[in-house]
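Chemist: Okay, here's the structure, questions in a sec.
Each reported figure results from applying straightforward, stated rules to the coordinates on display, with no laboratory input. Keep in mind it's a predicted model, so treat the numbers as computed, not measured. Reconstructed Cβ throughout: ideal geometry from the backbone, glycine too, with neighbour counts over all protein chains shown.
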Amino acid sequence: MQTADPLELFPPAPEAAAARIAAIDPRAYARTRNALDGQVTRLSPYVTHGYVHVPEVVAQLGRRHILRLQDRIVAELGWREYFHHVWRHLGDGIFESRRPPISDAAYADTMPDDILRGATGVPVIDAAVRALYETGYLHNHARLWLASYVVHLRKVDWRAGAVWSYGYLLDGDLAPNHLSWQWVAGTLTGRPYLFNADNVSRNAGQVPGWRSPGTAIDCGYDEIERIARSCEVLPAEPGTHPGVTPPGLFAAPPAGLLPQADLPSLAGRRVRLVHPWSLAAPGDADLRIGVLLAPFHRRFPWSATRWHFVLARMREACDAVLFGEPAELDAVLAAAQCVALETRNPGYAEWLARRVPSCEALPRFFDDPPQYCTSFSRFWERIAANPPL
Ligand SMILES: Cc1cc2nc3c(=O)[nH]c(=O)nc-3n(C[C@H](O)[C@H](O)[C@H](O)COP(=O)(O)OP(=O)(O)OC[C@H]3O[C@@H](n4cnc5c(N)ncnc54)[C@H](O)[C@@H]3O)c2cc1C
């Protein structure tokens, strides 16, 4: 799973997304997806950044396989659209706990140093942290284990964990990320996600270095639950190695990544604004201009790898790329007729609403019910009542 260059694993090109979709075998996915070495798609960086949207994924899959609503891969794509449904209804409410935490502990609002360095002494956690830094990707189970350990066993506020992991994940997407952290914490549904060393052993597959027998998580669920609901904070395991230095997170594109081409004249031209969540960047306008708004990136900084993943595609697809404050971009784009895909990312959403008369709706495969569905099962019941497959 690990590689010296994460972009070898995730080439920043639409063809790479298409190849991943072509490789999906829905039956094998359903059978093996829980295991670290199962046949998961690793499609999420491409979906998050809009190289490809969920309806195209389903359409491409449907050309090769007979798909049913009950297929696991379809339901997982449904989860993604469910989280975006929640975001539409709650807006910035996704950044706050929907329910109280499950214990009276004083949850820390920063990440402990040993976790940041992958030096907790619990192999599953240290392996997950290193994989996050080295690849920008984590299997769903690894995300669950990491989040559960951080929140329930180390008593860190889920928001600190969510912002930290978001910056390194190539697929970091505020709705699935923050809502999943809340789901693990128990502040979304009231039920926390807990795990132990047996659970890791069952799902580690043949991947070496993740099993964690003989560590603090090697106990029964009753004990894990007792710790989670108490104020107890597990210490790092003794005799721990020093770990790794966390890679930097950047509030602006690292030096040399932003293309320096002269800006063509924009007056009266139809310009497609290509923001980081719309990298399919259709060539249906006179010009394509990449746009990066500084306030968002100050609030949610990205790893150098993630900047590379976004900017490589922008450089390839766009006539120019702009990074700056909203007013600076306004001044440059004043005379252009702009079109763009909608996004809910804070700062971008408000700026696009002013800049573009009517943004194109984010393509969805499943209906977005007008009434807020407080759980995935309610959302899914509504989809099943009028199934698109
Ligand atoms: C703590 C935590 C944080 C997460 N943060 C993110 C995030 O920032 N961005 C993100 O896209 N997903 C996130 N997820 C959901 C899920 O882990 C990833 O979507 C999935 O692991 C991506 O890998 P994959 O493409 O190989 O998934 P696959 O299992 O191959 O699934 C195919 C596609 O379905 C969607 N999908 C699958 N599982 C989920 C899920 N549980 N929720 C939402 N969509 C899903 C993704 O678009 C994914 O690409 C998070 C989960 C947890 C527990």
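Chemist: To the nearest 20 debye, what is the magnitude of the charge dipole of segment 250-355 about its Cα centre, counting +1 on the Cβ of each Lys and Arg and -1 on the Cβ of each Asp and Glu?
Modeler: In debye, rounded to 20, segment 250-355 gives about 260.
Chemist: With contacts defined as alpha carbon pairs under 8 Å and 6 or more residues apart, what's the relative contact order of the chain in percent? Don't skip to the answer; put the middle values down first.
Modeler: Details: 629 pairs, mean separation 76.5, N = 389.
Result for the chain is 20 percent.
Chemist: If you don't mind, there's one more thing I want to ask. Note down the magnitude of the dipole of the chain about its Cα centre, charges +1 on Lys and Arg C-beta and -1 on Asp and Glu C-beta and zero elsewhere, to the nearest 20 debye.
Modeler: Values: 39 positive and 41 negative charges, 155 e Å.
Roughly 740 debye, rounded to the nearest 20.
Chemist: Now for a different question. Roughly what angle does helix 304-317 make with the longest principal axis of the chain, taking Cα atoms, 0 to 90 degrees, to the nearest 10?
Modeler: 30 degrees
Chemist: For E237, E232, which order do you get if you count the other beta carbons within 10 Å of each Cβ and list the fewest first?
Modeler: E232, E237
Chemist: Okay, next question. At 25 °C and 0.890 mPa s, what whole-number value in µm²/s does Stokes-Einstein give for the translational diffusion of segment 250-355, with Rh from the Kirkwood sum over Cα pairs?
Modeler: My calculation gives 178 µm²/s for D.
Chemist: Ranking V233, V200 by Cβ neighbours within 10 Å, fewest first, what do you get?
Modeler: Taking fewest neighbouring Cβ atoms as first place, the list is V233, V200.
Chemist: So if I place +1 on the C-beta of Lys and Arg and -1 on the C-beta of Asp and Glu, and nothing else carries charge, what would the dipole magnitude of segment 6-95 be about its Cα centre? I want it in debye, nearest 20.
Modeler: The dipole of segment 6-95 has a size of about 340 debye.
Chemist: Percent of alpha carbon pairs in the chain separated by more than 30 Å?
Modeler: 42 percent
Chemist: Farthest toward the dipole's positive end in the chain, which of G239, S377, V356, given Cβ charges of +1 (Lys, Arg) and -1 (Asp, Glu) about the Cα centre?
Modeler: S377
Chemist: OK, next. What is the fewest-to-most order of H49, H65 by other Cβ atoms lying within 10 Å of their Cβ?
Modeler: With the fewest neighbours first, H49, H65 line up as H65, H49.
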